[in-house]
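Chemist: There's a structure below that I have some questions on.
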Amino acid sequence: MRLTAAEPPALPEVDLGSVQAPYRTLVEQALVQANAQANDVAAVGELCGILLSVNQPEHAAACYRRARALEPSEFRWGYYQAVALEGLGRRAEAVEVLLEIKPAAGGYAPYYVRLGDLLREQGRTEESAAELEGAVEMQPDLASAYSALGKLQSEQELWADAIASLEKAVALDKNYAAARYALGLAYRKTGETEKAKLAFERYQRLKQTEQPSFDPLMDAISALRSDSNMDDTTALTPDQKRAFAEELERSLEVHPELLSAHVNLIALYFQLGDAAKAKQHYDKAVSIDPKNAGAHYNWGSIEMTKGNYAAAEKAYALALESYPRHVGALVRSGLLLEKRGLGDEAEQRYRAALESNPMQRQAHYLLARRLVGKGDFTEAAQHLEETVRIEDELTPRYLRALASTYLRMGRQGDARASLEQAERQARTLGREDIASAVRADLERLPQ
């Protein structure tokens, strides 16, 4: 099963429609970067991590196979591949990978906890006990090691040992919901009903709260998910934004220089109405990395929202100076160029964005709009057809634009079909206002 760098597997092909809306841009950019640098293990590893962080375990597992082929000696790639396989329910394969990389695990106790827990699930009791006891000895303050050992002891009906292990787990982390529940079951088995009742009550209060991973390598994966941008966070509800901001602030308490958290907090705080905090995190981000494209892009988007177009254009220029292929900066700076009457320059930006990411819908739409204005309806229709491949809340709008372009080309039947599709989708989305407008468009079409 070990791979060699001579024959690395291909990068995965990801359907962006399967990715949650707040993270699509993050995945898109990582895909573009990894495909452009397919033999650069850093670019490939970042894509793999992002895919794992946004709940794409199948693609992540395939991606980590390439990372391992490119850098077989790196422990992380095998560890993360095993996590992805575990997420797919392919636990036997996960164990096989973990055993392959065991010589490189060293003193990383969470590795032994994961391996021990998976061995327990496979009924390999003695091997499981050896790994979990080793983890406890290696890191005596690791709550997850005691919890996993307690579960194994419970399955063996070693109730006194199980209770001792689980009590140690909740002593180390009083908010550890899973350990509280397992402890309640153990108390019940030994007839300690009052203690069981209290453990279950505590579990009920804790089960909805965020739980620690007890695994720094997995915390690093979660941080990748946080490396989002202004476009990604707009899809979140206000409560989700506040919760996300609180999560990132907690990360900064432990790692004050975590750049991804500062970058995301620029967008989140502005959207939550706290411009001062947004500016604070922008200043911190650029003090850590003056060339960080994400920070400059987010700040440019804030300035653009406020109508400070010159400041926005300057920020986008800084983003593009650091990362000339930054799709968002290319698209938004193109819009600003159009506002200044520089349509040809804007068109170049939109085309550059599509070279960087052929799936960028807004770039297709804005370029199509430019082409319609120039009378090039055929190419405009081709770009608009790309915008309607994904079905979401924006699709009815794009379908109307496509129908209008078809009419200009004399393709009346295609125009009617596009409008009918737009009306259906608008009604499915509960957007009766859009559906009524589309219905009016249909009624104006000649029979």
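The values are calculated or read from the model by the stated rules, or taken from the named source; none is laboratory data. Only a predicted model underlies this, so the values are computations on that prediction, with no experimental measurement involved. Positions of Cβ are generated from backbone atoms using ideal geometry, with glycine treated the same way; all protein chains shown enter the neighbour counts. Surface areas here come from the heavy atoms of the whole protein model, side chains and all, with no ligands, DNA or RNA. Shrake-Rupley method; radii C 1.70, N 1.55, O 1.52, S 1.80 Å.
Chemist: Name the residue from GLY89, ILE302, PRO12 whose Cα lies farthest towards the positive end of the charge dipole of the chain, charges +1 on Cβ of Lys and Arg and -1 on Cβ of Asp and Glu.
Modeler: The one lying farthest along the dipole's positive direction is ILE302.
Chemist: If packing is taken as the average count of other Cβ atoms within 10 Å, what order do 382-395, 339-352 fall into, highest mean first? Show your work: numbers first, answer last.
Modeler: Details: 382-395: 17.9, 339-352: 16.3.
Peptide ranking by packing, descending: 382-395, 339-352.
Chemist: If you put +1 on each Lys and Arg Cβ and -1 on each Asp and Glu Cβ, how big is the dipole of segment 65-196 around its Cα centre, in Debye rounded to 20?
Modeler: Working: 17 positive and 21 negative charges, 92 e Å.
The dipole of segment 65-196 has a size of about 440 debye.
Chemist: Ranked highest first by the average count of other Cβ atoms within 10 Å around their residues, in what order do 370-379, 178-187 fall?
Modeler: Numbers: 370-379: 15.0, 178-187: 23.4.
In descending order of packing, they fall as 178-187, 370-379.
Chemist: Helix 109-121 against the longest principal axis of the chain: what's the angle in degrees, Cα atoms only, rounded to the nearest 10?
Modeler: Value to nearest ten degrees: 80.
Chemist: I need the shape label for segment 276-319. Rule: rounded when a/c is under 1.5, else prolate if a/b > b/c, else oblate, with a, b, c from the alpha carbon gyration tensor.
Modeler: oblate
Chemist: Count charges around ASP117 for me, please; just the other residues with Cβ under 14 Å from its Cβ, Lys/Arg as +1, Asp/Glu as -1.
Modeler: Working: positive: ARG91, ARG114, ARG120, ARG124, LYS151; negative: GLU86, GLU121, GLU127, GLU131, GLU133, GLU155, ASP215.
In short, -2.
Chemist: Can you pull the one-decimal nm distance between simple spin-label points at LYS291 and GLU74, each 7 Å off the Cα toward Cβ?
Modeler: 2.0
Chemist: A follow-up question, please. Compute the angle between helix 309-322 and the longest alpha-carbon principal axis of the chain, please, reported from 0 to 90 degrees and rounded to the nearest 10.
Modeler: Rounded to the nearest ten degrees, it is 60.
Chemist: Over the chain, give the accessible area per residue in Å² for a 1.4 Å probe, as an integer.
Modeler: Value for the chain: 47 Å² per residue.
Chemist: With r defined as the distance between the Cβ atoms of THR209 and GLU155 and R0 fixed at 25 Å, what FRET efficiency is calculated, to the nearest 0.05?
Modeler: Here the calculated transfer efficiency is 0.40.
Chemist: What is the distance, in nm, between label points placed 7 Å from the Cα along the Cα-to-Cβ direction at GLU126 and at GLU355?
Modeler: With each label point 7 Å from Cα toward Cβ, the separation is 6.4 nm.
Chemist: Now for a different question. By the scheme Lys and Arg +1, Asp and Glu -1, what is the net charge of all other residues having a beta-carbon under 13 Å from that of ALA186? Present the calculation step by step, with values, prior to reporting the outcome.
Modeler: Details: positive: LYS151, LYS168, ARG180, ARG188, LYS189, LYS195; negative: GLU155, GLU157, ASP161, GLU167, GLU192.
Summing Lys/Arg as +1 and Asp/Glu as -1 gives +1.
Chemist: With the dipole of the chain worked out from charges on the C-beta (+1 for Lys and Arg, -1 for Asp and Glu) around the Cα centre, which of TYR112, THR378, ALA261 lies farthest toward the positive end?
Modeler: THR378
Chemist: Related question: Pairs of Cα atoms under 8 Å, at least six residues apart: use those to get the relative contact order of segment 353-398, whole percent.
Modeler: Working: 34 pairs, mean separation 15.0, N = 46.
For segment 353-398, the relative contact order is 33 percent.
Chemist: Please state the relative contact order of the chain as a whole percent: Cα pairs under 8 Å, 6+ residues apart?
Modeler: Working: 607 pairs, mean separation 35.5, N = 447.
Across the chain, relative contact order equals 8 percent.
Chemist: Here is a follow-up. With +1 on each Lys and Arg Cβ and -1 on each Asp and Glu Cβ, and nothing else charged, work out how big the dipole of the chain is about its Cα centre, in Debye to the nearest 20.
Modeler: Values: 54 positive and 66 negative charges, 254 e Å.
Using Cβ point charges on Lys, Arg, Asp and Glu, the chain gives about 1220 debye.
Chemist: Treat each spin label as a single point 7 Å out from the Cα along the C-beta direction, and report the GLN412 to ARG431 distance in nm.
Modeler: 2.8
Chemist: Any chance you could run the full-extension gain for ALA311 through ARG424? It's 0.36 nm times the residue separation minus the Cα-Cα distance, nm to one decimal. It would help to have the intermediate numbers written out before the result.
Modeler: Values: separation 113, 0.36 × 113 = 40.68 nm, distance 4.13 nm.
Length difference between fully extended and current span is 36.6 nm.
Chemist: Tell me the accessible surface of SER322 in square angstrom (1.4 angstrom probe, heavy atoms of protein chains only), to the nearest ten.
Modeler: About 50 Å², rounded to the nearest 10.
Chemist: Measure off, as a whole percent, the carbon and sulfur share of the 1.4 Å-probe accessible area of the chain, all protein chains present.
Modeler: 49
Chemist: List every residue whose amide H lies under 5 Å from the amide H of LEU429, counting only residues 5 or more places away in sequence or on a different chain, with H placed 1.01 Å from N in the peptide plane.
Modeler: Result for LEU429 returns nothing.
Chemist: Let a ≥ b ≥ c be the square roots of the eigenvalues of the Cα gyration tensor of segment 136-221; is it rounded (a/c under 1.5), or, if not, prolate (a/b larger than b/c) or oblate? Write out the running numbers ahead of the final one.
Modeler: Numbers: a/c = 2.43, a/b = 1.33, b/c = 1.82.
Since a/c reaches 1.5 but b/c is at least a/b, the shape of segment 136-221 is classed as oblate.
Chemist: Between segment 127-179 and segment 260-338, what's the alpha-carbon centroid distance in Å?
Modeler: 46
Chemist: Further question on the same structure: In square angstrom, rounded to the nearest 10, how much accessible surface does LYS284 have for a 1.4 Å probe?
Modeler: LYS284 exposes around 70 Å² with every protein chain in place.
Chemist: Okay, next question. Under a Cβ-Cβ cut-off of 14 Å, what is the net charge of the residues other than ALA196 that fall near it, where Lys and Arg count +1 and Asp and Glu count -1?
Modeler: With Lys, Arg at +1 and Asp, Glu at -1, the net is +2.
Chemist: In addition: Which angle from 0 to 90°, rounded to the nearest 10, does the C-alpha axis of helix 275-288 make with the longest principal axis of the chain?
Modeler: 70
Chemist: I need the shape label for segment 370-447. Rule: rounded when a/c is under 1.5, else prolate if a/b > b/c, else oblate, with a, b, c from the alpha carbon gyration tensor. Walk me through the numbers on the way to the answer.
Modeler: Numbers: a/c = 2.22, a/b = 1.36, b/c = 1.64.
Oblate.
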